[in-house]
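**Q** I'd like to ask some things about the structure below.
The values are calculated or read from the model by the stated rules, or taken from the named source; none is laboratory data. Just so you know, these numbers come straight off a predicted model, no measurement behind them. Please note: Cβ atoms are built from the backbone with ideal geometry, for glycine as well, and neighbour counts cover all protein chains shown.
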Amino acid sequence: MPTALITGATSGIGAAFARRLAADGFALVLVARDEKRLDEAAAALTLRYGVAADTLPADLGTPEGLSAVEQRLREGVDLLVNNAGFAHPGAFPDVSADDEARMLRVHCEAVLRLTLAALPSMRSRDRGAVINVASVAAFFASGTYNASKAWVLNFSESAGADLYGSKVRVMALCPGFVRTEFHQRAGMETSGIPGILWIPVDQVIREGLRDLALGKVVSVPSLRYKLIVAAGRLIPRNLAARVSSRVGRHFR
């Protein structure tokens, strides 16, 4: 039975990955900060799908939490989903340096270190995959959230290129607006976001796993967001940044 480790596994995209992978027969290692929610999620998945679901409570914004997950990954998994993430409700100048640094630790340092911890066993077996959840925001220069996701995108593309020719894959998954707890937890107002921009979380997972199977290094779920990304690459970056800041700074 293959094993998948998922960070940020108790809600949103992480929880949707857990359900889909459990349905596909994966044993799971669920990582999140809230131990109670982890235990409840693991029990529900085991009851519904009959798979093993281990829990690993860890805060990826701390050295101790990050080290604990690294240690588990070194034991070997078949799929790593780096999904943990969050957003600030305020604009860059209004957010404290400590809060910005924590975002970089979770979005960038954790993705780097956990990917590096997972790869040795995958490479020794010449199979396995890492999905790094970035965002459509990565394609638009607007705020530090977008900047951190741009790093995830660039890192994933680079790692995927370095592994070319092997059966180990690294892919960046770049969703747009997805109806989960993400924006609510960030205290962000979403009533002004047009309905057409929202996509179901299960569609994100379905298209992301399909693109991984096809060997893609970057996955942008839904045609509408593929068109948005393509259009964003054709207009000046400063104009794209202004448009992005008005539509909404935090896709995902």
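**Q** How about segment 1-116: which strands (runs of 3 or more DSSP E) wholly inside it have at least 3 residues that are more than 22 Å from GLY160 (Cα to Cα)?
**A** 27-32, 53-57
**Q** Cβ-Cβ distance below 8 Å, separation of 6 or more or different chains: which pairs start in segment 197-214 with a residue that is over 14 Å from SER11 (Cα atoms) and in contact (Cβ under 8 Å) with a residue 40 or more places away in the chain and end on one that is among the basic types (Lys, Arg) and part of a helix (DSSP H, G or I)?
**A** Partner pairs satisfying both residue conditions: LEU197/ARG224; ARG206/ARG20; LEU209/ARG20.
**Q** Next up: Please go through segment 47-93 and pick out each residue that is of a type in the set (Gly, Ala, Ser), closer than 22 Å to ALA172 by Cβ and in contact with a Ser or Thr (Cβ under 9 Å, 6 or more places away or on another chain).
**A** Within segment 47-93, ALA84, GLY85 meet the criteria.
**Q** Another one. So how many residues does segment 170-219 have that are surrounded by fewer than 18 Cβ atoms within 10 Å (Cβ to Cβ), at pLDDT below 75 and out of contact with any Pro (no Cβ under 6 Å at 6 or more places or on another chain)?
**A** Adding up the residues that qualify gives 11.
**Q** Any residue at all in segment 32-52 that's at pLDDT 95 or above, crowded, with 18+ Cβ neighbours inside 10 Å and under 15 Å from the mean Cα position of the chain (by Cα)?
**A** Yes, segment 32-52 contains at least one residue that is at pLDDT 95 or above, crowded, with 18+ Cβ neighbours inside 10 Å and under 15 Å from the mean Cα position of the chain (by Cα).
**Q** If we keep just the residues of segment 154-169 that are part of a helix (DSSP H, G or I) and of a type in the set (Gly, Ala, Ser), which is surrounded by the most Cβ atoms within 10 Å (Cβ to Cβ)?
**A** Among those residues, the one meeting the criterion is SER156.
**Q** Then there's this: What pairs come out if I take residues in segment 119-147 that are farther than 15 Å from ARG169 by Cβ and without any contact (Cβ under 8 Å) to a residue 40 or more places away in the chain and pair them with residues that are polar (S, T, N, Q) and part of a helix (DSSP H, G or I) whose C-beta lies under 9 Å away, six or more apart or interchain?
**A** Qualifying pairs under 9 Å: ALA138/ASN146; ALA138/SER148; ALA138/ASN154.
**Q** Okay, next question. Here is a list of conditions, (1) in contact (Cβ under 8 Å) with a residue 40 or more places away in the chain; (2) farther than 21 Å from MET1 by Cβ; (3) surrounded by fewer than 17 Cβ atoms within 10 Å (Cβ to Cβ), and ASP94 meets all of them except one; can you say which number that is?
**A** So the condition that ASP94 fails would be (1).
**Q** I need every pair where a residue in segment 50-69 that is under 20 Å from ALA18 (Cβ atoms) has its Cβ under 8 Å from the Cβ of a residue that is buried (at least 16 other Cβ atoms within 10 Å of the Cβ) and among the aromatic types (Phe, Trp, Tyr), sequence separation at least 6 or different chains.
**A** VAL51/PHE26
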